[in-house]
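Just below is one structure, and these are the notes that go with it.
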Amino acid sequence: MKTLLTGSSRGIGKAICNSLLVNGYSVIGTSTKPINDYTNNEYRHIACDLSKPDEVQKLKQIFFEDSIPEVLINNAGMFRDADFEISDEEWLETWDITQQVNLRSAALLCKWAINAWTEKRIEGRIINISSRAGMRGDTQEYAAYSASKAGMIGLTKSIARSMGKKGITAYTIAPGFVETDMARESIEVYGAEYLTQGLALNEIAPPEEIANLVLLLAQGKLKHSTGQTFHINSGSYLI
């Protein structure tokens, strides 16, 4: 089975990619820069800067190939601060690029995948990696990030409600802090104690745990959970 996975080069995306490859999936991965970490013949990499709409467009051709992905995983994301006290121009710059990377590009990929699957009568699956911040909000300097991830949840629900009878299912995973480069960057800003405060467990989640759930969803074993948001946040935010 073929999968398109954005943000495959590090963190959660790399863990997802490794899990899929080990379990017999063929993966098309994307990241901003070329990588040479993967030597698996079932892996194909496309360098694509999702902050640039023209570059996002080059991913469209994937859904016109003879063999198209049956699973789409929108994992790529950015996390940039913008305090309300900065200038409108600076604040909107962060807002716009965050929505472009985290939501607009993901929405376009969903659209292209759905159209291709509908035409070819493929029962495709969409897995969107959102965030705890999309459910509970974040601090004000990360409002753009929180809004983009909340938008992803709404996008997923709309797809699930509309496309289920065509065999297309969609899911959201909303991690809290995960042991990745992004979490380490947050430690530099807030300190290590900030990441673990309020957790029901003694540690933040490893990326492999998100990868385990992605694999389960990709395999189609939770079809009747379409539209649902799955929370992996060490018990820090309970629904």
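Points worth noting:
- Considering region 120-180 at the alpha-carbon level, its Rg and Dmax are found to be 13.6, 44 Å.
- Seen against the Cα atoms of the chain and their longest principal axis, helix 11-22 is set at about 30 degrees.
- Here is the list for region 72-121: GluC sites (Glu not before Pro) lying in DSSP coil, each with at most 10 other C-beta atoms within 10 angstrom of its C-beta, are Glu85.
- Under a model in which nothing but the beta-carbon of Lys, Arg (+1) and Asp, Glu (-1) is charged, region 2-232 shows a dipole of about 1540 debye around its Cα centre.
- The mean of 1/r over all distinct Cα pairs in region 19-112, once inverted, gives the Kirkwood hydrodynamic radius of 15.0 Å.
- P(r) of region 2-232 over all Cα-Cα pairs, binned every 10 Å from zero, in whole percent: 8, 33, 38, 17, 3, 0
- When the C-alpha to C-alpha distance is required to be over 22 Å, the pairs from Lys2/Lys111; Lys157/Lys221; Lys52/Lys166; Lys52/Lys165; Lys14/Lys111; Lys2/Lys166 that qualify are Lys52/Lys166; Lys52/Lys165; Lys14/Lys111.
- Nearest 10 degrees, 0 to 90: helix 181-190 Cα axis against the chain principal axis: 20
- Cα lying deepest toward the dipole's positive end in the chain, options Ile129, Gln61, Ser87, charges on Cβ: Gln61
- About the centre of its Cα atoms, region 160-239 shows a dipole size close to 900 debye [charges on the beta carbon of Lys, Arg (+1) and Asp, Glu (-1) only; nearest 20 debye].
- Rg to Rh quotient for region 1-53, alpha carbon positions, Kirkwood Rh: 0.95
- 10 Å Cβ shell holding at most 14 others, DSSP loop, trypsin sites (Lys or Arg not before Pro): longest site-free stretch of the chain: 122-220
- The angle between the Cα long axis of helix 88-99 and the main principal axis of the chain comes to about 40°, on a 0 to 90 degree scale.
Bear in mind that the values in this text are calculations on the coordinates, not laboratory data. Treat the numbers as computed from the prediction; the structure is a model and nothing was measured. We place every Cβ from the backbone using ideal geometry, glycine too, and count neighbours over all the protein chains shown.
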